[in-house]
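Asker: Before I ask anything, let me first share the structure, which is written out below as structure tokens.
Nothing in this text is a laboratory measurement; each read-out follows from the coordinates by a stated rule. What you see is a predicted model, and the numbers here were worked out from it, not measured in a lab. Ideal geometry is used to build each Cβ from the backbone, glycine not excepted, and the neighbour counts take in all protein chains shown.
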């Protein structure tokens with residue numbers, strides 16, 4: 001049977017209709033925000049846990065051997081090799097991890113950290129913490145360092161290279177640019193100023209001074225996979 005709407009009915013519909021739509025939109029955004037994997041540059045919140053000695057030496061889902069003393073993590077859906085910045089919302093500590101395994105499978109948990117990564121954000125003792133995940137969309141690649149052989153030579157910027165200063169060579173960034181370099185294997189970071197050029201390379205993205213390489217802990221191994229964040233743009237080329 002058809003219903004005849006009164007003026008009051010029409011007023012209610014006119015006001016409640018938009019409110020209903022807004023409520024549905026917020027509900028939808030909330031559902032998207034709290035479930036599924038974050039896309040590049042987007043955010044995910046949830047609980048982080050860690051796994052250690054029981055799994056040390058086991059083969060991860062991506063085929064690597066799990067090393068509890070290196071910084072890595074398991075995520076249910078992110079592609080292997082994805083870099084994620086994990087921030088402990090309780091103390092502000094952060095760590096950048098590389099996804100190389102699947103999990104965690106306990107409801108409500110969004111990431112399972114290696115023991116080394118858990119130590120970096122201080123959850124190794126408590127076991128879990130509420131975290132924020134940010135998928136890294138910065139420049140990544142290999143970092144190397146150069147030292148005694150080049151000490152005292154003139155750089156591409158016209159400065160004298162001093163291996164004891166926190167400087168670096170980059171193929172494109174303007175001279176004077178300050179970048180934060182993070183070693184994703186041990187979590188150590190260093191801020192350097194670009195004052196030199198290096199050959200174009202698909203793998204190596206930055207060449208650090210000896211002092212900067214020491215800060216990242218790469219003097220013995222020579223190279224390491226890093227994340228590069230520009231924190232202050234330079235002006236000269």
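Asker: Packing-wise, with mean Cβ within 10 Å as the measure, how do 101-109, 57-65, 180-188 rank, highest first?
Answerer: 180-188, 101-109, 57-65
Asker: Turning to a different aspect of this structure: When the convex hull of the C-alpha atoms of region 43-135 is computed, what volume per residue in Å³ does it have?
Answerer: Dividing the Cα hull volume of region 43-135 by its residue count gives 81 Å³.
Asker: Mind giving me the nanometre distance, one decimal, between the label points for residue 65 and residue 80, set 7 Å out from Cα along Cα→Cβ?
Answerer: It works out to 1.6 nm between the two label points.
Asker: Highest mean first, what order results for 114-122, 86-94 on Cβ atoms within 10 Å?
Answerer: 114-122, 86-94
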